[in-house]
Amino acid sequence: MSLEQFQPDVALEHAVLAEKYGFESIWASDHFMPWYHTNASSCFAWSWLGAAAQATKRMKFGTGLTCPSFRYHPGLVAQAFATLDYMFPGRIFLSLGTGEALNEMPLGYEWPQHAERLGRLEEAIQVIRKLWTGDLVSHKGAYYRLRKAKLYTPPKGRIPIFVAASGQKAAELAGRAGDGLLTVPNPDDSYFKDLLFPAVERGLLASERQRDSFEWNVELQVSFDEDYDKAIQSVRPWAGNVMPIFFNLGVSDPRVIEEHGKFVGDKELAKMWVIATSSEPIMNAIERYARLGFTGIHITSSSPSQEKFMKLFEKEIRPNFRK
């Protein structure tokens, strides 16, 4: 659920439709500023998650992803998602990552090097898990402090934490400290087989946990319409998002990102997005990720009509993957 693409009331309608058409979970983006400027939105994800969970009956809800390092103290992340799980037990998960500058710098924070951001993420996971026990917690770490802190509304169950990674160090942290991995699409199988997966395995080995208890999640970016030009033009606002530079440098102005995206051609967009005029390319992509070993595939749809895509999913795609 791209909350920078849809205003919250429209996104809520889409969540209700998603449950109707057989989707099992909603992964909501958690941004202060969006990835582009023109006709963008930027609602507060946590408020929206509560409304969406209330409006549905079965689906699971979480973020994809939350940065618990700067604008959010990890204690507040722990409190927010404990409350969601208390109200909707067994339906809440949390994805955490090192974040993007566009969410932190507009609020006055500096944008440190990746090593510091990764260290903050690891310590934040420790803080969140400690608070979720419901115990009185004091913590003095490299980045965060707790002074006899306690969640008086703890979660009712165990909330899974998925760690977002597109590089080896973050992937190793996912295996060491997370309940699962969340990663981004890549057209090269060797990226997963030779780089990302071995790093996760090293983390799992260090944590002495079994591989079977770990969830492997990947994002699949899709735009469907019978008219190819309409389908690819519908992802044009995301063009700046496919440029790795904006994940690493301290660029926080959506107008700048959008302007650079104009230099990204349709062919480059089609390498990262499945531009589909039928169900076949989408099914092929899902099958590819399943064969690579992913146990969860979340679909970011930027289709011209969300309901048209959902109907296609229910009728032609989901029946092939139910088992």
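Please treat every number below as a calculation from the coordinates, not as lab data. Because the structure is predicted, anything quoted here is derived from the model rather than measured. Cβ coordinates were reconstructed from backbone atoms using ideal geometry, including for glycine residues, and neighbour counts include every protein chain displayed.
Do any helices (runs of 4 or more DSSP H) lying entirely in region 159-269 carry at least 3 residues that are without any contact (Cβ under 8 Å) to a residue 40 or more places away in the chain and farther than 23 Å from residue 61 by Cβ, and which ones are they?
168-177, 197-207, 254-261
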Exercise. Restricting attention to region 10-37, which residues are under 21 Å from residue 237 (Cβ atoms) and touching a Lys or Arg at 6+ places or on another chain (Cβ under 6 Å)?
Worked result: 37
Exercise. Could you list, in sequence order, the residues of region 214-242 that are closer than 20 Å to residue 263 by Cα and aliphatic (A, V, I, L, M)?
Worked result: 231, 232, 235, 239, 242
For this session: Mind listing whichever residues of region 128-138 are over 24 Å from the mean Cα position of the chain (by Cα) and surrounded by fewer than 17 Cβ atoms within 10 Å (Cβ to Cβ)?
Result: 133, 134, 135, 136, 138
For this session: Could you tell me whether region 99-118 includes any residue that is in contact (Cβ under 8 Å) with a residue 12 or more places away in the chain, part of a loop (DSSP other than H, G, I, E, B) and touching a Cys at 6+ places or on another chain (Cβ under 7 Å)?
Result: yes
For this session: Taking the options 256, 264, 242, 274, name whichever one is more than 22 Å from the chain's Cα centre (by Cα), of a type in the set (Val, Ile, Thr) and surrounded by 15 or more Cβ atoms within 10 Å (Cβ to Cβ).
Result: 264
Seminar exercise, completed: Residues in region 1-44 that are charged (D, E, K, R) and either closer than 18 Å to residue 105 by Cβ or crowded, with 17+ Cβ neighbours inside 10 Å (or both) total 3
For this session: May I ask you to list the residues in region 69-127 that are small (Gly, Ala, Ser) and surrounded by fewer than 16 Cβ atoms within 10 Å (Cβ to Cβ)?
Result: 90, 108, 115
Problem set entry | Selection within region 16-56 - over 16 Å from the mean Cα position of the chain (by Cα), assigned to a helix (DSSP H, G or I) and aliphatic (A, V, I, L, M) | 16, 17, 18, 51, 52, 53, 55
